[in-house]
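Asks: I'd like to ask you about the structure that follows.
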């Protein structure tokens, strides 16, 4: 059958990840095809690659349950168990199950950083007269009125942009971050969804990715994320992204290649959100434009 729009996780069961069977609550696996007669599901890949670096595009699983999950954008969760794979323990999802849907690296960040302390840091800076809205200043300067904050975290930037009169949607795969954003601005639109696979019913004049999204996501998802951001841009729309450039990590050339493959053209690049010129440092803010012609 056709792929079900589901988030697939292992709930007190096991799931294949990277060729190994991983034990841990809510370990994301991928999109599936569900055969209700044989009670089998098949993991499928998108664009030749699958989540967690699967070497093959299709795997078999036994169905062990299905339930409704109100906090995930796709709602339905199939609980599956694989077989004929070595078993390894993965405690990454145990203490931060919502973060585990993003990536192991994001789980490590969540372990180190308390959300309330993270929020308080910006509040203290603002109270002392510091500028905490450099990202919003740059984003707002382009005059786009419809903005998607992709990887919005706790909503600091999206809330500021909305207060300036913009139509802003915030989306993040970590439901804990979205819950924090909703507590601060319940009147705004907040979504829990996967940037590489979401299918929103609208496009935007501008998509902002200011929060190191591309280094915290699953590495195999990077091309999918850029491609999907391009799909959610109106013709002529802008993608503005800033993230750290780490030795041996995701490079600027990788980013530009993914953007070019998605029909996005570089129009400017800075080293900070204050528009300081970029001359090779370890952080960049890049602005790409979708062509005026439709059909990315």
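Asks: Would you mind stating whether residue 165 is assigned to a loop (DSSP other than H, G, I, E, B), buried (at least 19 other Cβ atoms within 10 Å of the Cβ) and either out of contact with any strand residue (DSSP E or B) (no Cβ under 8 Å at 6 or more places or on another chain) or touching a residue at least 60 places away in the same chain (Cβ under 8 Å) (or both)?
Replies: no
Asks: Would you say residue 99 is under 18 Å from residue 163 (Cα atoms), in contact with a helix residue (DSSP H, G or I) (Cβ under 9 Å, 6 or more places away or on another chain) and in a helix (DSSP H, G or I)?
Replies: no
Asks: Among the residues of region 133-160, write down those that are outside any loop (DSSP other than H, G, I, E, B), touching a residue at least 40 places away in the same chain (Cβ under 8 Å) and crowded, with 20+ Cβ neighbours inside 10 Å.
Replies: Answer for region 133-160, where residues must be outside any loop (DSSP other than H, G, I, E, B), touching a residue at least 40 places away in the same chain (Cβ under 8 Å) and crowded, with 20+ Cβ neighbours inside 10 Å: 135, 138, 139, 147, 148, 149, 150, 157.
Asks: Turning to a different aspect of this structure: Could you grab me the full set of residues in region 105-132 that are part of a helix (DSSP H, G or I) and surrounded by 14 or more Cβ atoms within 10 Å (Cβ to Cβ)?
Replies: 105, 106, 107, 108, 109, 110, 115, 118, 119, 122
Asks: Next question. Considering only residues that are surrounded by 13 or more Cβ atoms within 10 Å (Cβ to Cβ) and over 23 Å from the mean Cα position of the chain (by Cα), which ones fall in region 269-289?
Replies: 275, 278
Coordinate-derived values only; no laboratory data. Source: prediction; values computed, not measured. Positions of Cβ are backbone-derived with ideal geometry, glycine not excepted, and every protein chain shown enters the neighbour counts.
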